[in-house]
Amino acid sequence: MACLLNGAVNFCSQCGANVVVRVPHGDHLPRYICDRCGTVHYQNPKLVTGCIAEWEGRVLLCRRAIEPRLGMWTLPAGFMENNETTAQAAARETREEANAELEDLRLYALFNLPHISQVYVMFRGGLKGGQASAGAESLEVDLFCEAQIPWDELAFPVICESLRLYFEDRRRGRFEMHMGDIVRGADRKVRIQHY
């Protein structure tokens, strides 16, 4: 099984020596290894957390002010930081991107995106007081009912799939926990598999 090393690591963060790529003893995947001090520099998937923030039948979307996908719409979401839980990360991202507070957060979906080494942990919760405004990473924010969602202007397939499942669950009157893989094939097409 081949390991895709994400970003180049040239020097050891422990001692500053050059690193090499090889399979460490007891492992089966190539890693960046320092020959001087023996440090193995693991590269693992990044956790992304986000939230479907609800207010009176509508959901909060943010128009991105940063790349990638500048100008496109997304749910408030971003990379998890050290020393926080996934729920805290989702709430922080919502504050940063939409100056909004959440209440009654519930885990909603988990998606693996192996082609970009990310795992998305999506929550569902109430938009406290229905208040939101554009944060530093957003050009604008707005609340949308299902018929108003700018489906062709959504930034990422995981956001589209999260919203599709959310509105489907809402029509059924029952929210479930969802899990799946979102994979981009060699043909560049996105495939979604639920389990």
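For this structure, a couple of remarks:
- Antiparallel bridges, percent of DSSP beta bridges restricted to the chain (to nearest 5): 70
- Dipole orientation for the range 37-195: of the candidates Leu154, Ile66, Leu165, Leu165 has the Cα lying most toward the positive pole (charges on Cβ; Lys, Arg +1; Asp, Glu -1).
- In a fully extended conformation the segment linking Val190 and Phe11 would gain 60.9 nm over its present Cα-Cα distance, using 0.36 nm per residue.
- Label separation (Arg36 vs Ser117): 2.3 nm, computed from points 7 Å beyond Cα along the C-beta direction.
- Positive-end extreme of charge dipole, the range 43-180 - chosen from Ala100, Leu113, His178 (charges on Cβ): His178
- Over all other residues within a Cβ to Cβ distance under 9 Å of Gly71, the charged ones net out to +2, with Lys and Arg as +1 and Asp and Glu as -1.
- Checking every one of the GluC sites (Glu not before Pro) in the range 1-83 against DSSP loop status and a limit of 15 other Cβ atoms within 10 Å picks out Glu56, Glu81.
- In the range 1-106, the chymotrypsin sites (Phe, Trp or Tyr not before Pro) that fall in loop regions by DSSP, at most 12 other Cβ within 10 Å: Tyr42
- Leading residue at positive end of dipole, the chain (Cβ point charges), from Gly50, Val19, Ala136: Val19
- Exposed-loop-free span, longest in the chain, where trypsin sites (Lys or Arg not before Pro) count as exposed if DSSP calls them loop and at most 11 other C-beta atoms lie within 10 Å: 1-173
- Sum of -39500 (n - 2.57) over DSSP H runs of 4+, divided by residues of the chain (222 nm, nearest 500): -5000 deg cm²/dmol
- For the chain, the alpha carbon convex hull comes to 152 Å³ per residue, rounded to a whole number.
- Restricting the calculation to Cα atoms, the range 37-138 yields a radius of gyration followed by a Dmax of 14.7, 58 Å.
- Net length gained if the chain between Glu56 and Trp151 were fully extended (0.36 nm per residue, minus Cα distance): 32.2 nm
- If only the Cβ of Lys and Arg carry +1 and only the Cβ of Asp and Glu carry -1, the dipole of the chain around its Cα centre is close to 560 debye.
Values quoted throughout were computed directly from the atomic coordinates according to the rules given, and no laboratory measurement underlies them. Note that the structure is predicted; figures quoted are calculated from it, not measured. Virtual Cβ from ideal backbone geometry, glycine too; neighbours counted across all protein chains shown.
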